[in-house]
Amino acid sequence: MRPQATMTYSAPAINTVPQNEEPIFHSGSAGAYDRVHDFREKYDEMYRERQALRGKEVLKKDVHDLCLVLNVQIPHKFKLPDFEKYKGTSCPKHYLTMYVSKMSTYANDHLVLIDYFQDSLASCALK
């Protein structure tokens, strides 16, 4: 019987330099650290505001609290006319003139005009 051969393998040695945990600043980079700190503060503030907007307060509102116009009477078989939505890139006065013209059947019913105006907006004008 032959003796069983064994091979041994050793991993190569890797020399590393211990890293310092403190940030290293080069000339002129101290201001960058302050800006990062300011950005972090602004980010935290925006995060808190977003959380507040998404918070429980909106969910506790009554349907009447969320309405733009209370007590609006929508006419029977009302159909909103087709027209190009306002995106905020053209003259708002011209758009309002066109809106009232398209809604001329309801020109004397200000509540209907106001209630459906938001449906005529798009993009940044809607926000």
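Laboratory data are not the source of any read-out in this text; all were calculated from the coordinates shown. What you are looking at is a predicted structure, and each value in this text was computed from that prediction instead of being measured. Here Cβ is always computed from backbone atoms with ideal geometry, including for glycine, and neighbour counts include all displayed protein chains.
Figures for the structure shown
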quantity	calculated
Subset of LYS87/LYS127; LYS42/LYS127; LYS102/LYS127; LYS79/LYS127 violating a 19 Å alpha-carbon distance limit	LYS42/LYS127; LYS102/LYS127; LYS79/LYS127
In sequence order, calculated HN-Hα J values of segment 111-127 (Karplus, 6.51, -1.76, 1.60; Hz; x Gly/Pro)	5, 5, 4, 5, 4, 8, 4, 4, 6, 9, 9, 8, 6, 5, 5, 6, 6
Sequence-distant residues sharing a close amide H with TYR86 (under 5 Å, placed H)	LEU121, ALA122
Computed over segment 64-126, Cα set: Rg, Dmax in Å	12.1, 34
Formal net charge of residues neighbouring ALA125 (Cβ-Cβ distance under 9 Å; K, R +1; D, E -1)	+3
Net charge of neighbours whose Cβ lies under 11 Å from the Cβ of VAL69, counting Lys and Arg as +1 and Asp and Glu as -1	-2
